[in-house]
Amino acid sequence: MLTALTRITMAASVALAMSACATVGSDFSAPKNLDGAAYRHLAPGAAAEADARLPQQWWSVFGDATLNGLEQGALRDNPSVKAAAQRLLQAQAQTEGTRANQSPTFGVSASVSNSRTSANTSQGLALGGRAISGNNYAAGASMSYELDLLGRVRRLVEASDAQALVAQADRDGVLLMLSTQVASNYWQLRGLDAEMAILNGALGSRRESEQLIEARFNAGLTNELDLARARVERANAEADLHEVQRQRNLLEHSLATLSGVAPSAMRVAVAAQAAVLPQPPAIPVGLPASLLSRRPDLAGSVAALRAANAQVGVAEGAFYPTLQLTGNFGYASENLRDLAQGGSRQFSFGPLALSLPIFDGGRNRANLALSKARYEEALANHEGKLLTALREVEDALSDVEQRQMQGQAQLQSQAAAARAYLVARARYERGVSNYLDVTDAQRSSLTADRAGVQIATQRLLATVAVARALGAGWRPEPGLAALTQAAPATVK
């Protein structure tokens, strides 16, 4: 018995030594980043440093307490965040299940049975027409273990680990997208508050004008057409105000949904200085080469590529033999009191089963070709995502640049429109021109003021877009961080 056990142990040791020296498939090599020294639309004088990053709570750069509270509530209570967290837990549990294949499986069992054989079978006739009956008590333990000769199981574990990293990146991507959606909706809402402040001011001015024109009409100093025009302008201002309020309600409902609460429970108070929107903060841009370590979708893409590469190794492992070791040890007896006696002992070591595929109709070859094609697809998808990320950054930087210049031009338009209204009103009061000039100037001034607020809102939204395109302060956890650092950039 010892000789057989020694042989089995030696065979297992040799197999383990072989598995330590060779592994099916190729080790993963992360793809390099695209070349590019700087962004085309980076603001003049702005430095692009590789380590330039937003804080992890990136929205804090706006310095708005209400936005901070909305962000924290959304990240805590949003159902999509909870679902993403559970998907990550599922992936981690699957990884643990796959990792268990690297360890031996042990089990214990116990059984009690009562049996009787037939006296009329060939076995019973051989015993003189006697039946065999009695109790059977058994207790024992079993073991099975696949000796990972060429690393097939290790590749399975590697693929599963990479899939868990993909789920982790997906969760982080959900958090990033949610935080930027909250910020975008919030600044749109603040922009509507500013428009409402302008419209309220315009409505008050139009009511005063209507009262003045009505008094002049009653005194016979003007005609009914001027009075009708004044009433039209006042009614238009009221209608515009209701429309902006409608849009604000929709944004408030959207913020409630993002925050994980019922729309009826969300009330975002109007800011004290509603008519004045803050200046957008400066966003540290960094180098294009740093995008891989700043965006969770790109890190997840690299993790998916690693999983596909490991699956190629698993497919290659199907061409090679597998070695399975099993063993049993226990006790069996007809009487329960004799179960622990030495004579009741039973055991087996082995078989040390070697399985080698000889002919499978080309199934393994097809699976290997499929795995390689999936890897190439994952590589192409990664390259596409990297190009998309660079385009998103350039788009956002271009928006910031153009919105700033647009805002400067709009300030001139607002000043000119305000002056035109003052001149038109003075001319009307002196009787030099009719009231139509006043209404046209009023309309132009209101349009210019609203356009100025809308451009200021778009500047804030463009800043949010820059933050989102750059990863919005994302910090990869150790597993993803190792992947992003494994892909050096090639910057020329």
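Is at least one residue of region 227-234 under 28 Å from GLN414 (Cα atoms), in contact with a Phe, Trp or Tyr (Cβ under 6 Å, 6 or more places away or on another chain) and of a type outside the set (Lys, Arg)?
Yes - at least one qualifying residue is present in region 227-234.
Look at region 271-299 and say how many of its residues are crowded, with 18+ Cβ neighbours inside 10 Å, under 28 Å from SER254 (Cα atoms) and not aliphatic (A, V, I, L, M).
The number of residues fulfilling the criteria is 5.
Considering only region 158-169, I want to know if a residue exists there that is in contact with a strand residue (DSSP E or B) (Cβ under 7 Å, 6 or more places away or on another chain) and farther than 30 Å from ALA462 by Cβ.
Checked region 158-169: no residue is in contact with a strand residue (DSSP E or B) (Cβ under 7 Å, 6 or more places away or on another chain) and farther than 30 Å from ALA462 by Cβ.
The rows are residues; the columns are (1) out of contact with any His (no Cβ under 8 Å at 6 or more places or on another chain); (2) of a type in the set (Asp, Glu); (3) in a loop (DSSP other than H, G, I, E, B); (4) without any contact (Cβ under 8 Å) to a residue 24 or more places away in the chain.
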{"residue": "PHE217", "(1), (2), (3), (4)": "yes, no, no, yes"}
{"residue": "GLU233", "(1), (2), (3), (4)": "yes, yes, no, no"}
{"residue": "ASP240", "(1), (2), (3), (4)": "yes, yes, no, no"}
{"residue": "GLU243", "(1), (2), (3), (4)": "yes, yes, no, yes"}
{"residue": "SER254", "(1), (2), (3), (4)": "yes, no, no, no"}
{"residue": "PRO278", "(1), (2), (3), (4)": "yes, no, yes, no"}
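Being surrounded by fewer than 14 Cβ atoms within 10 Å (Cβ to Cβ), assigned to a helix (DSSP H, G or I) and at pLDDT below 85 is true for just one of ALA409, ALA426, ALA481, ALA380. Which residue is that?
Of ALA409, ALA426, ALA481, ALA380, the one residue that is surrounded by fewer than 14 Cβ atoms within 10 Å (Cβ to Cβ), assigned to a helix (DSSP H, G or I) and at pLDDT below 85 is ALA481.
Can you name every residue in region 412-423 that is buried (at least 16 other Cβ atoms within 10 Å of the Cβ) and not hydrophobic (A, V, I, L, M, F, W, C)?
Answer for region 412-423, where residues must be buried (at least 16 other Cβ atoms within 10 Å of the Cβ) and not hydrophobic (A, V, I, L, M, F, W, C): SER413, GLN414, TYR421.
Of the numbered conditions (1) of a type in the set (A, V, I, L, M, F, W, C); (2) at pLDDT 80 or above; (3) open to solvent by less than 20 Å² (accessible area, probe 1.4 Å); (4) in a helix (DSSP H, G or I), VAL268 satisfies every one except a single condition; which is it?
(4)
Is region 314-322 home to any residue that is touching a strand residue (DSSP E or B) at 6+ places or on another chain (Cβ under 8 Å), more than 30 Å from VAL81 (Cα to Cα) and at pLDDT below 80?
Yes: one or more hits.
Has region 305-324 got any residue that is in a helix (DSSP H, G or I), within 13 Å of LEU480 (Cα to Cα), open to solvent by 40 Å² or more (accessible area, probe 1.4 Å) and in contact (Cβ under 8 Å) with a residue 40 or more places away in the chain?
yes
The values are calculated or read from the model by the stated rules, or taken from the named source; none is laboratory data. Owing to the predicted nature of the structure, the values given are computational and were not obtained by experimental measurement. No Cβ is skipped: glycine too gets one built from the backbone with ideal geometry, and neighbour counts run over all protein chains shown. Protein only, heavy atoms only, side chains kept; ligands, DNA and RNA dropped before computing areas. Shrake-Rupley method; radii C 1.70, N 1.55, O 1.52, S 1.80 Å.
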